[in-house]
2 protein chains.
Amino acid sequence: MASPTPAAHHPLSIDMSDLQQKQSTEQEFHLKNQSAKWVLNSPDPPGFGQHMFDMIKKNVCPQRNSIPSSASLSPKKQPLSSHVIALLTCVFPVLDWGRNYKASKFKKDLIAGLTLASLSIPQSIGYAALANLDPQYGLYGSVVPPLIYSVMGTSRELAIGPVAVVSLLISSMISKLVDPTVDPVSYRKLVFTTTFFAGCFQALFGLLRLGFLIDFLSHAAIVGFMAGAAIVIGLQQLKSLLGISHFTTKTDVLSVLEAVAKSFHTTWYPLNFVLGCSFLIFILITRFIGKRNTKLFWLPAISPVISVILSTLIVYLTRADEHGIKIIKHFKGGLNPSSVSQLEFNGPHLGETAKIGFVCAIIALTEAVAVGRSFASINGYNLDGNKEMLAMGCMNIAGSMSSCYVATGSFSRTAVNFSAGCQSTVSNIVMAITVFISLQLLTKLLYYTPLAILASIILSALPGLIDYNEAYHIWKVDKMDFLACAGAFFGVLFASVEIGLLVAVGVSFGRLILNSIRPGMEELGRLPGTDIFCDKAQYPGVLDVPGVFIIRLNSGSFCFANASPIKERITRWATKENEKEEGNKPTNGIILDMSSVMSIDSSGIIALEEIHKKLLLRNIHLAITNPRWKVIHKLKLAGFVDKVGTDCIFLTVNEAVDACLSSRSIDNCL
Amino acid sequence: MASPTPAAHHPLSIDMSDLQQKQSTEQEFHLKNQSAKWVLNSPDPPGFGQHMFDMIKKNVCPQRNSIPSSASLSPKKQPLSSHVIALLTCVFPVLDWGRNYKASKFKKDLIAGLTLASLSIPQSIGYAALANLDPQYGLYGSVVPPLIYSVMGTSRELAIGPVAVVSLLISSMISKLVDPTVDPVSYRKLVFTTTFFAGCFQALFGLLRLGFLIDFLSHAAIVGFMAGAAIVIGLQQLKSLLGISHFTTKTDVLSVLEAVAKSFHTTWYPLNFVLGCSFLIFILITRFIGKRNTKLFWLPAISPVISVILSTLIVYLTRADEHGIKIIKHFKGGLNPSSVSQLEFNGPHLGETAKIGFVCAIIALTEAVAVGRSFASINGYNLDGNKEMLAMGCMNIAGSMSSCYVATGSFSRTAVNFSAGCQSTVSNIVMAITVFISLQLLTKLLYYTPLAILASIILSALPGLIDYNEAYHIWKVDKMDFLACAGAFFGVLFASVEIGLLVAVGVSFGRLILNSIRPGMEELGRLPGTDIFCDKAQYPGVLDVPGVFIIRLNSGSFCFANASPIKERITRWATKENEKEEGNKPTNGIILDMSSVMSIDSSGIIALEEIHKKLLLRNIHLAITNPRWKVIHKLKLAGFVDKVGTDCIFLTVNEAVDACLSSRSIDNCL
């Protein structure tokens, strides 16, 4: 890598540099003194208090440019009412885009919304089953949250509703507190309370502009986590697909396989399996056709609803439920009932539900923002992460009060919404109304729907969550990243969902710490014919400067964790070098390039002082080049600059090399 | 700060740069292409496996140059026996320096050793009381460990024995497991087992070259911890000083003050206080005299032993013990008894003792290495941290089998040893023999020694542990560092010793993480008259390059934790800038200087790809300058370089600026 070495290099000087060097020595010394002055006389960086204040201000106060430009034209001169309108437009983007909404757009949104609903209804029922809830709760979640999102959200394509991974999280984490088969009422209360907390956390993240929190799950961790979750969800479907009555509430592979193995010895109904698999194959074939022929995009989207209708008819006509086919049975229709009274804030599990709410909030946001951003980037607009979080938070708070569990943007449905040609969040409104009408009219018809069909609909959505190519890509590019990915995957698979997440976050942060405390140093040499100084290992052609040892620190912090090994390596090198070259070509100077060091602490400053002292004993000059803003400020504050003298500080490596060489020639003369 | 911008800058070109620029365009393009080639064709960095192997090899295998040079002359040609000798010399440095040991040195060591012993005997008895052990255990600890250290250690000045902070750690942590007043035998067993574990950990650190572990306590944390511990130790002395019978086993300020307040209501003996304070004042006066007149260095060193003798005589003659003066009473003399049978490896507290052993090992090493290094640096030699750890480990393992508790190098006694003119570890041998003789002969005489005197001796050693100046210096230089310091101080004071340590380590590492994930960026400008590119904030005089926006990433990792805010800031800037300058001076390029970025992960690469894509939509060029070794390797692996094209990669900012400007002039012509 190139060093921070701007240099006296004229295009013609490549071949005549020796000649010119002598001529320009005087001018270079002038330049040297001047550049050291630049380094030493820079203004103080903002202090600790100022820095904290700026950070809080930046995070908490909404920025001007986050208000849509149409409403924020010279806001200073406007009266209060327009400020209110600007704020409202900021919170409810529908006020902005709604004015230009046209009938032609509505036509497209209507088609997209109807297509979406035909996929949403069976999926929502299936995800409710995955979350150990009655089927209507899935449908409720496809009514209220999409309506709220459509007036607050900024993504045009995102399709809102229950999703597989969050359903899995809810069922696996809340089942540990209350067994849903024993006490479904308490279980449901905890689910709504968790949803409320998740909504509060999401809204809070949005208001405090804490969007960076969802970045703490690295890309690799998400890939691993999603793949693990997909397999776990798939295994959970074995219950319905095999018609097993007694299943485990644990989610790890071993427990599930054990439960399946046990059920083979007791009772299972092969008819469920035959029915589920036939329709799974049907759905996969329609998807294959839809991919080959993009005009038939609606075929895979409506195949789940066709499967549901067909299979329900079959069961109803053949009375197969009397021969072991498990059916939905309980299905309460009607309007979303209020669930305000079911929120529990003084129960024994309050802390636990808040924790689960936090995890759900993060995972739900991660999925929604990832999906939203990728489609926004296809359509060439920007998604405001903080507004999205606020919208998600509000819709989940409202959802928790109207019998919904955590909803978010779904991978598979957003893709269908997009390919059906949606133009705005109106497609979500159309979908919500369609689902609402179905809840009023069609629930009685779903009595005979076999559970195996729901399982096959969920199974058909899972392959999209497993991204082999990306995992292979991560393996190829970065082994440590792959470790986080594999950790999340196997953690979810063999331990539990939370442990998988913890492993992923732990590996990611552990790596970050290791990277920043690594006592990394690299030797620099001169790139032939230039005054650029580069890492010897990266650029094998570079040349040594005789008598001068140039090292660049390679870690962002020079601090307690790496100061003492760095100090030891420099002094060890100096001792060795001094012994080796005694009399021959005595080493004259060590140049310490600090351009990569962003911060230094008191241990680092002490180490620098000791290096200086030890080198002084051996009569070796120490030069420090390009100290960054905070570093030079602290070195000045700590009195280091006064101790070593201002002639040890340089702006560039080249100037330091020149100074070392010229001081050697003076030494030799004496 | 200077940018990594080596540049076409000739001394004369400052004023005629415009003219020359046109002339040299062709040559610059040649240079540009060549430097991009350098960047792109560098060899691959060592892979993950190679890297791991190197790290383990470096840490585990002893290096050649750690064998003293006198024994390692061309070791390859030497027979096995000389290898054995070299290894022995490496483990027992006494074999090396012992050959040149002369009578003149011994004379000085004898005086130093005797002075040391006169301080060690009362201090050791006091520290044993602090550790809730009978007084002889303190003296045992001044016999065996110093003898072993004297043949294995590399420091000439370090005085080995029990120290205050470790005694406090032992008493505060083990008292939680077993109450020493209720069951002193079990308590002692746990102490020896802890000592054994501490020794094993220390030896292991030395063998595996894990010296960096003791660096995890930052300088600031140690300053805070030591000050807090000193106050806690001082408060513990109130028990003896006030003659209180029932005291608390807790160490935090509030519990101790509460216990003292309670005892005022019941029974306390003012005579103890008067006696203790008089001799404390005597010791402090002798220390003051010793400081003023360096020839009288021995006066503060022997004043404790004088105090002990005087006060014992006073008590014996006046029979003051019958009037409430607390005296030592139990004091078993004789040889160190074996304690092998008291090591408990199957008790219920095994895990806890191992943990306490680990904490003691770290703290003991921190103190010893800090003291040893500071005196080694005064005398101009290097201390081998790994050898020191091995020596400490062996002496503590041996100590745990001969009734000693954790010993280490002491601040106060090492200073006395140094000022008494010690020449080698022989002074430790002299001290150990003197203490051993006292154990044989003098213990009966110590029956009447008042406990208050021991308290005043400990109190007199405490001010050295509190370093106000350093704490103020840390506050001045670095507020976050001071937070770690204050955290350790108040943690020790108001919670417990472990919590203080945990807070300090937590703050230090939390700061490290925050530093490395901070989405830091800085705008660069050209330093007038040069081709050096610098931070605009640090160097306010720098000039903008019209139409080119140059930013440098400021964090060592471009990774999941900061990739997305950095991406957003760049794209937001690009949008704003494009709107603002429409038609006027369209921004032509963004130059992303990556010279500070040491590592990139898959999230970072994805962010770079998205930045490139978004800028492309707005017709803005993206140039990446000076990617480091691992970064360019990963960018190549991930296919990023193929996507953006090799003409977007530059070695220096200056080349990238030239390329941007020339491409704009081409754009303008078209």
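With the label 7 angstrom out along Cα to Cβ, how close does A:K536 come to the same site in each of the other copies, in nm, nearest first?
Nearest to farthest, the other copies are at 3.9 nm.
Would you please give the FRET efficiency between B:K250 and B:L514, computed as 1/(1 + (r/R0)^6) with r the Cβ-Cβ distance and R0 = 22 Å, to the nearest 0.05?
0.05
Once phi is turned into θ = phi - 60°, what whole-Hz ³J(HN,Hα) does the Karplus curve with 6.51, -1.76 and 1.60 give for every residue of the stretch B:102-115, x standing for Gly and Pro?
10, 4, 4, 5, 4, 4, 5, 5, 4, 4, 4, x, 5, 4
Hey, for A:N100 with labels 7 Å out along Cα-Cβ, what do the inter-copy distances come to in nm, ordered shortest first?
Nearest first, the other copies' label points are 8.6 nm away.
Pairs of Cα atoms under 8 Å, at least six residues apart: use those to get the relative contact order of chain B, whole percent.
Computed value for chain B: 23 percent relative contact order.
For the stretch B:323-339, take each phi angle, set θ = phi - 60°, evaluate the Karplus expression 6.51 cos²θ - 1.76 cosθ + 1.60, and give the result in whole Hz per residue in order, putting x for glycine and proline.
After applying 6.51 cos²θ - 1.76 cosθ + 1.60, I find 10, x, 6, 7, 10, 5, 6, 6, 7, 8, x, x, 5, 3, x, 5, 10 Hz.
Quantify how strongly other chains surround peptide A:88-98 by giving the mean number of their Cβ atoms within 10 Å of each of its Cβ atoms.
Taking the mean over all residues of the peptide, I get 0.
Quick one: 3J(HN,Hα) in Hz for the stretch B:402-415, Karplus 6.51/-1.76/1.60 with θ = phi - 60°, rounded, Gly and Pro as x.
In residue order, the calculated couplings are 10, 6, 10, 9, 3, 10, 7, x, 9, 4, 5, 6, 4, 5 Hz.
For B:G589, what residues show an amide H to amide H distance below 5 Å, using hydrogens built from the backbone and excluding near sequence neighbours?
B:F549, B:H621
Given R₀ = 41 Å, what would the calculated FRET efficiency be for A:L207 paired with B:F345, taking r from the Cβ atoms and rounding to 0.05?
Result of the calculation: an efficiency of 0.15.
Label points 7 Å out from Cα along the Cβ direction at A:W573 and B:S662: separation in nm?
3.5 nm
How many nm separate the modelled label positions at A:S82 and A:N382, each set 7 Å beyond the Cα in the direction of the Cβ?
2.3 nm
Any idea how many Lys pairs in the stretch B:160-309 come in under 28 angstrom at the alpha carbon, given 8 or more places apart or on separate chains?
9
So what's the net charge close to B:N562: Lys and Arg +1, Asp and Glu -1, counting the other residues with Cβ under 13 Å from its Cβ?
Charge balance near B:N562 sits at 0.
Roughly what would the spin-label model give for A:T266 and B:F494, points 7 Å off Cα along C-beta, in nm?
5.6 nm
Within 11 Å, Cβ to Cβ, of B:G380, how many net charges do the neighbouring residues add up to if Lys/Arg are +1 and Asp/Glu are -1?
With Lys, Arg at +1 and Asp, Glu at -1, the neighbours total +3.
Report relative contact order for the stretch A:463-518 in percent, whole number only (criteria: Cα-Cα under 8 Å, sequence separation at least 6).
Relative contact order for the stretch A:463-518 comes out at 25 percent.
Give me the orientation-averaged projected area of the Cα convex hull of the protein assembly as shown, in nm², one decimal.
Reported value for the Cα convex hull: 61.9 nm².
Shielding by partners for A:591-603, please: the mean number of other protein chain Cβ atoms within 10 Å of each residue's Cβ.
Partner-chain Cβ atoms within 10 Å, mean over residues of A:591-603: 6.
Under 13 Å from the Cβ of A:S341, count the other residues' Cβ atoms, weight Lys and Arg +1, Asp and Glu -1, and hand me the total.
Once all neighbours under 13 Å are counted, the net charge is +1.
Can you tell me the FRET efficiency between A:K37 and A:N619 if r is taken as the Cβ-Cβ distance and R0 is 25 Å, rounded to the nearest 0.05? Show your work: numbers first, answer last.
Numbers: r = 27 Å, r/R0 = 1.08.
Efficiency computed from Cβ-Cβ geometry: 0.40.
Ranking request for peptides A:608-621, A:362-375, B:401-414: highest mean number of other beta-carbon atoms within 10 Å first, then the rest in descending order.
Descending packing order for the listed peptides: B:401-414, A:362-375, A:608-621.
For the peptides A:593-599, B:98-104, what is the packing order when you average, over each peptide's residues, the other Cβ atoms within 10 Å and list the highest mean first? Write down the numbers at each step before the final one.
On the way: A:593-599: 24.7, B:98-104: 9.7.
The most tightly packed comes first, giving A:593-599, B:98-104.
By DSSP, what percent of the beta bridges with both residues in the protein assembly as shown are antiparallel, rounded to the nearest 5?
45 percent
Helix-only estimate, please: 222 nm mean residue ellipticity of chain A, summing -39500 (n - 2.57) across DSSP H runs of length 4 or more and dividing by its residues, to the nearest 500.
-19500 deg cm²/dmol
How far is B:K262 from the same spot in each other copy, in nm, shortest first, if each label point sits 7 Å from Cα toward Cβ?
The projected label point of B:K262 is separated from its counterparts by 5.3 nm.
Could you grab the relative contact order for the stretch A:211-357? Cα pairs under 8 Å, six or more apart, rounded to a whole percent.
For the stretch A:211-357, the relative contact order is 16 percent.
Here, each number is a calculation from the coordinates, and none is a lab measurement. Keep in mind it's a predicted model, so treat the numbers as computed, not measured. Positions of Cβ are backbone-derived with ideal geometry, glycine not excepted, and every protein chain shown enters the neighbour counts.
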